[in-house]
Amino acid sequence: MKNRRNKAFLYNNEVEFEVLGGGVKRRILAYGDELMTVEVHFEKGAEGAKHSHPHTQLTYVIDGKFEFTIGDETKVVEKGDMVYAVSGVEHGCVCMEAGVLLDTFTPCREDFIK
């Protein structure tokens, strides 16, 4: 699974959205064996269901306002804020104002690749 997407440049118009339903859609951006970046768009009221995975995840709020739960802690984050979910910890969110998140995972989320 080495260098599945090893382009030095990735252009916005080259990546299509995948509609996940419930007011959520995502685009798998650049990725390699150890790292993946995903752009996720939420409509107001849409949810990222609570889940856990073996990947470490950093989330940057590009736009909007979200109520995030990580483990047993819940906080509101908005444009410019970040969220850090360690491997195996349950996390999820509810979109309070339509927004966009930029998720970075390590290692790559193979389950996202079709």
Pairs beyond 22 Å (Cα-Cα), from Lys50/Lys75; Lys44/Lys114; Lys65/Lys114:
Lys44/Lys114; Lys65/Lys114
Using a simple spin-label model with points 7 Å from Cα along the Cα→Cβ vector, what separation in nm is obtained for Lys75 and Thr106?
2.0
Taking every pair of alpha-carbon atoms in the chain, what share in percent sits in each 5 Å bin, from 0 to the bin with the longest distance?
2, 12, 22, 25, 21, 12, 5, 1
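Run through the range 5-49 and list the trypsin sites (Lys or Arg not before Pro) located in a DSSP loop whose Cβ has at most 14 other Cβ atoms within 10 Å.
Values: sites: Arg5, Lys7, Lys25, Arg26, Arg27, Lys44; in loops: Arg5, Lys7, Lys44.
Here the trypsin sites (Lys or Arg not before Pro) that fit, given the DSSP loop and packing criteria, are Arg5, Lys7, Lys44.
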Unit charges on C-beta of K, R, D, E only; dipole of the chain, Debye
380
Short version: ³J(HN,Hα) in whole Hz for each residue of the range 97-114, in order, from phi by Karplus 6.51 cos²θ - 1.76 cosθ + 1.60 (θ = phi - 60°), x for Gly and Pro, what are they?
9, 2, x, 9, 10, 10, 9, 10, 10, 9, x, 4, 7, 4, 5, 7, 8, 9
Tally Lys/Arg at +1 and Asp/Glu at -1 over every other residue whose Cβ is under 13 Å from the Cβ of Gly64; what's the total?
-4
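Could you please state how large a percent of the accessible area of the chain is carbon and sulfur, counting protein chains only and using a 1.4 Å probe? Present the calculation step by step, with values, prior to reporting the outcome.
On the way: 3460 of 6920 Å².
Reported share for carbon and sulfur atoms: 50 percent.
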Sorted by accessible surface (1.4 Å probe, heavy atoms of the protein chains only), largest first, Phe17, Phe66 come out as Phe17, Phe66
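Length gain on complete extension for the stretch Val86 to Tyr11, per 0.36 nm per residue less the alpha carbon to alpha carbon distance? Write out the running numbers ahead of the final one.
Details: separation 75, 0.36 × 75 = 27.00 nm, distance 2.95 nm.
Result: 24.1 nm gained on full extension.
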Please list, in chain and number order, the residues 5+ apart from His55 or on another chain whose amide H is under 5 Å from its amide H, with Hs placed from the backbone.
Gly88
Skip the ligands, DNA and RNA, and give the accessible area per residue of the chain with a 1.4 Å probe, whole Å².
61
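The values are calculated or read from the model by the stated rules, or taken from the named source; none is laboratory data. This one's a predicted model, so the numbers in the text were calculated from it and none came from an experiment. Backbone-built Cβ (ideal geometry, glycine too); neighbour counts: all protein chains shown. Heads up: the accessible areas ignore ligands, DNA and RNA and are worked out on the full protein's heavy atoms, side chains in. Shrake-Rupley method; radii C 1.70, N 1.55, O 1.52, S 1.80 Å.
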